[in-house]
Amino acid sequence: MAVTRWDPYRDVLALQNRMNSIFQEFSRSNSGENDVVTTAGFVPPVDIFEDENKLVLKIEIPGMRQEDLDVRLENNTLSVKGERSFQSEGKEENFHRVERRYGSFYRAFTLPNTVDPNSIKADYEAGVLRLELNKKQETKPKQIKVNVGGTKQLNQNQPEAVANAKTA
């Protein structure tokens, strides 16, 4: 069974994203605009997972060009912003429905102290921006050997242990 860290704000942020989406839909339909094309922002979905060596973020942003993306790390906050503009092959009046979101987006993530800020790698392939953040060497899990039975093995490089063993 995998152990998952509990984040008390994860559900709140998901609810906030849903509420923002609902209000954006409501404001679009009541603003008198044509439903065909709007330039309101969107929130791309993100998957975040980690293992003992790295933290990985996968952000779905299909149709984006590299020059339209801006990834920054500032004050332990990783931010990703960009803009997907509507590029029509025909007249806007010819569209029956436009369900893909266009406009600008901004996502920000506070990084844990275990992440090495100098090791960030970003790759964009098949509409997914993948950010890999390696963990600091000192925060990686270490294997500790456990001695069984009451006997201690003395290390010859530790004179204190040898002196204590002789006096005991």
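The values are calculated or read from the model by the stated rules, or taken from the named source; none is laboratory data. Quantities reported herein were computed from a predicted structural model and do not represent experimental measurements. Ideal geometry is used to build each Cβ from the backbone, glycine not excepted, and the neighbour counts take in all protein chains shown.
Regarding Gly32, is this residue at pLDDT below 70, exposed (fewer than 15 other Cβ atoms within 10 Å of the Cβ) and at positive phi? Judged against the criteria, Gly32 is a match.
The set of residues in the range 115-149 being without any contact (Cβ under 8 Å) to a residue 12 or more places away in the chain and β-branched (Val, Ile, Thr) consists of Ile144, Val146, Val148. The residue that is nearest to the chain's Cα centre (by Cα), counting only those in the range 59-81 that are of a type in the set (Asp, Glu) and at pLDDT 90 or above, is Glu60. Among the residues of the range 109-124, are any among the hydroxyl-bearing types (Ser, Thr, Tyr), in contact with a helix residue (DSSP H, G or I) (Cβ under 9 Å, 6 or more places away or on another chain) and exposed (fewer than 15 other Cβ atoms within 10 Å of the Cβ)? Yes, that holds for at least one residue.
The residue that is farthest from the chain's Cα centre (by Cα), counting only those in the range 4-29 that are modelled with pLDDT under 75 and part of a helix (DSSP H, G or I), is Ser29.
Let's see how each residue does on (1) of a type in the set (A, V, I, L, M); (2) in a loop (DSSP other than H, G, I, E, B); (3) loosely packed, with under 13 Cβ neighbours inside 10 Å:
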residue	(1), (2), (3)
Phe49	no, no, yes
Glu52	no, yes, yes
Lys58	no, no, no
Met64	yes, yes, no
Arg97	no, yes, yes
Ser104	no, no, no
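Residue pairs whose Cβ atoms lie under 7 Å apart, sitting 6 or more positions apart in sequence or on different chains, and linking a residue in the range 65-88 that is over 22 Å from Arg100 (Cα atoms) and in contact (Cβ under 8 Å) with a residue 24 or more places away in the chain to a partner that is β-branched (Val, Ile, Thr) and part of a strand (DSSP E or B), are Val71/Val80; Leu73/Ile120; Asn76/Thr110; Thr77/Thr110.
Taking the criterion of being small (Gly, Ala, Ser) and either surrounded by fewer than 11 Cβ atoms within 10 Å (Cβ to Cβ) or at pLDDT 90 or above (or both), the residues of the range 82-95 that qualify are Gly82, Gly90.
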